[in-house]
Structures are given as structure tokens and as C-alpha cells.
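Engineer: First, the structure itself, so that you have it in front of you.
The values are calculated or read from the model by the stated rules, or taken from the named source; none is laboratory data. Just so it is clear, the model here is predicted, and its values are computed rather than measured. Here the Cβ positions follow ideal geometry from the backbone for every residue, glycine too, while neighbour counts run over all protein chains shown.
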Amino acid sequence: MSQLTDRPDGGGSQSHDDSSAPAPAGRESEIPLSTAAGVSPADRQAQEPGSDAERVATLYARARAHSDAGEDTAAVMAYRQLLKLDPKHVRARNNLALLLERQGNVQGALEELEQAIAAEPDNVSLLLNRAAVLSAHLRFEQAESDLRRALRFGESAEILTSLGMVVSKGGRAKEALDPLRRAVELDPSNAAAHYYLAEVYNRLDQLPAALVAYEQAATLQPSNWRAYKGVGNILDRMGRPTEAAAAHRKAREAQRR
């Protein structure tokens, strides 16, 4: 599943891994607060008279608390109530999109992000988040469009890493090299950039370059068992079985951690 984070408006970007995406589902229906079982003190406070700004702040805090506790349905309800009071609350729309996508409501997530981007068309974080949802559900051309739009506001290793990943997954491995190489140049400590660059080199049968990139990814992110597995696979292909076995062992150890 792609990850959408609670960011300050206009904040930074992030890269995304290859974890599986949920199946699309129907749009989450809105549930009035009064129908929720076990109304908490925060729920009652949010419904008491007060300024809209106070109610928005209370609902936002409550939604975050529900989300942090894994109570996604309650968090969705709170964000929807908040957005009735403040439809232009971009951060709330972003977080609602996170929850809807996590619940498998991809279309709902995209609709919320569409409204957020309409309100703040220059917000790079929103463009990256929508690209992440689109990419996770194999809509690579649309994801690439959002990422290239984000690049118009300035280069970053994270945007370029995501772009390289999307281009490669879309079947254009050779075209993915330039953005990934540039990502590594901009941020040599970006483990994801090294990993996806290694993946592309591997697909292009550039084994020595793939080995170097996988090893760098594993060094920067020892918990990434896929990087160790990549090292092992490349060493197998290069006819170095003893070293390959050691790398595969490290992959299994990292996966167990």
C-alpha cells in the first residue's frame, strides 16, 4: 500500500516501496457523529457550541487520535465532520485520503486528493501523495504526470526516485536511469534511490552496476532484506556462489528482524 503521511501543507515528499496494494472498494459512506457508539468526551466537546475554529481544532485532534489508535472508521467520521466546517482544510483532506486508501477505497482517496490539489495546486506533497496512490494501483502514466508536475517546483531526490520507480514499472527501464542517477547524485544517502537504481540495472543486465547499487542500498538500510536478496541474485548470475549464499543468508536474517 502506498503511504500518505500527515504533512504540513506544502511539506516534503517521500518515496514508496513495492508493498502490495489493496483491492479497490466502494466510496466510504458518511456516518453522522450522533450514530457512533460510545461517544467519547472529545466527541461531545466537538459537538458543543463554540467557534468553528475551535470545533475544527478539536475534530482534527480527535481524528488524529483515532487514527493513531488504529480506529480508522472513527477517524474518517471525524475528518468528514471537520471538512463540513472547513472544506479548504488541505491537511485534513490529505489525511482522509490516507485512511480511505488504507481501507481500499481508492476512488475516494483520489477524489479527496483532487479537491486538495484544486485548493493548493502548487503543493508538491499532495502531488506526490496522489502519484503514490496511482502508482500503487498500476496507473503509471497518471502517476508520472503528477511527478513531472512536481518537478517543475524544484528537483528533489525523493521526487526523482519516485519518478524513476514509476517509469521503470511502466516498462521503460532504460528511461528510468536518468532520474534515479540524479536522485543518487542529489542525495547519496537515499537508500531507496540506490535500491531502485539497482533494480533498473538488473533489468538491463548491467550486473556490476547493479551489484554496487544493491550493496549501497543494503549498507544505508540494513533492514531492507530485498537489497541483500538483490546482492545474492546478482552474485549468482556472476558465478560467485559462495558470496551469493552469504548475501542470501543476510537477506533471511534481515527479513526475520
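Engineer: Would you please list the contacts, defined by Cβ atoms under 6 Å and residues six or more apart or on different chains, that run from a residue in region 121-137 that is part of a helix (DSSP H, G or I) to a residue that is among the acidic types (Asp, Glu)?
Structural biologist: Listed pairs, sorted by first residue: Leu127/Asp146; Arg130/Asp146; Ala131/Asp146; Val133/Glu101.
Engineer: Here's a follow-up. Somewhere in region 19-31, is a residue in a loop (DSSP other than H, G, I, E, B), β-branched (Val, Ile, Thr), within 17 Å of the chain's Cα centre (by Cα) and modelled with pLDDT under 50? Break it down into steps so the answer makes sense when it comes.
Structural biologist: Filtering region 19-31 down to residues in a loop (DSSP other than H, G, I, E, B) leaves 19-31.
Those still in the list that are β-branched (Val, Ile, Thr) too: 31.
Next, only the ones that are within 17 Å of the chain's Cα centre (by Cα) stay: none.
Checking region 19-31: not a single residue is in a loop (DSSP other than H, G, I, E, B), β-branched (Val, Ile, Thr), within 17 Å of the chain's Cα centre (by Cα) and modelled with pLDDT under 50.
Engineer: For region 151-172, which positions are part of a helix (DSSP H, G or I) and either among the basic types (Lys, Arg) or without any contact (Cβ under 8 Å) to a residue 60 or more places away in the chain (or both)? I'd like the intermediate steps shown before the answer.
Structural biologist: The first filter runs over region 151-172 and keeps only residues part of a helix (DSSP H, G or I), leaving 151, 157-169.
Result: Leu151, Ala157, Leu160, Leu163, Gly164, Val166, Val167, Ser168, Lys169.
Engineer: Which residue pairs have Cβ atoms closer than 7 Å, lie 6 or more positions apart in sequence or on different chains, and pair a first residue in region 173-189 that is closer than 12 Å to Val200 by Cβ with a second residue that is among the hydroxyl-bearing types (Ser, Thr, Tyr) and at pLDDT 95 or above?
Structural biologist: Once the first residue is closer than 12 Å to Val200 by Cβ and sits in region 173-189, its partners that are among the hydroxyl-bearing types (Ser, Thr, Tyr) and at pLDDT 95 or above give Ala176/Ser168; Leu180/Thr161; Leu180/Tyr196; Ala183/Thr161.
Engineer: Tell me, please, whether a residue that is in a loop (DSSP other than H, G, I, E, B) and at pLDDT below 95 can be found in region 238-257. Don't jump to the end; show me each part of the working.
Structural biologist: Within region 238-257, the first condition is being in a loop (DSSP other than H, G, I, E, B), and the residues that meet it are 238-240, 257.
Retained after the next criterion (residues that are at pLDDT below 95): 257.
The answer is yes; a qualifying residue exists.
Engineer: So, in region 191-236, of the ones that are assigned to a helix (DSSP H, G or I) and of a type in the set (D, E, K, R), which residue ends up farthest from Ala157 (Cα to Cα)?
Structural biologist: Our first condition is that a residue be assigned to a helix (DSSP H, G or I); within region 191-236, this holds for 191-203, 207-220, 225-236.
Okay, now just the ones that are also of a type in the set (D, E, K, R), so 199, 203, 215, 226, 229, 236.
Working: Glu199: 17, Arg203: 22, Glu215: 19, Arg226: 21, Lys229: 24, Asp236: 31 Å.
Here the residue is Asp236.
Engineer: Out of curiosity, is Arg130 surrounded by 23 or more Cβ atoms within 10 Å (Cβ to Cβ), within 21 Å of Arg62 (Cα to Cα), modelled with pLDDT of 95 or more and touching a helix residue (DSSP H, G or I) at 6+ places or on another chain (Cβ under 9 Å)?
Structural biologist: Values: surrounded by 23 or more Cβ atoms within 10 Å (Cβ to Cβ): yes; within 21 Å of Arg62 (Cα to Cα): no; modelled with pLDDT of 95 or more: yes; touching a helix residue (DSSP H, G or I) at 6+ places or on another chain (Cβ under 9 Å): yes.
Judged against the criteria, Arg130 is not a match.
Engineer: Ok, one more. Which members of region 135-166 meet the condition of being surrounded by 24 or more Cβ atoms within 10 Å (Cβ to Cβ) and not small (Gly, Ala, Ser)?
Structural biologist: Passing the criteria: Asp146, Leu147, Ile159, Leu160, Thr161, Leu163, Met165, Val166.
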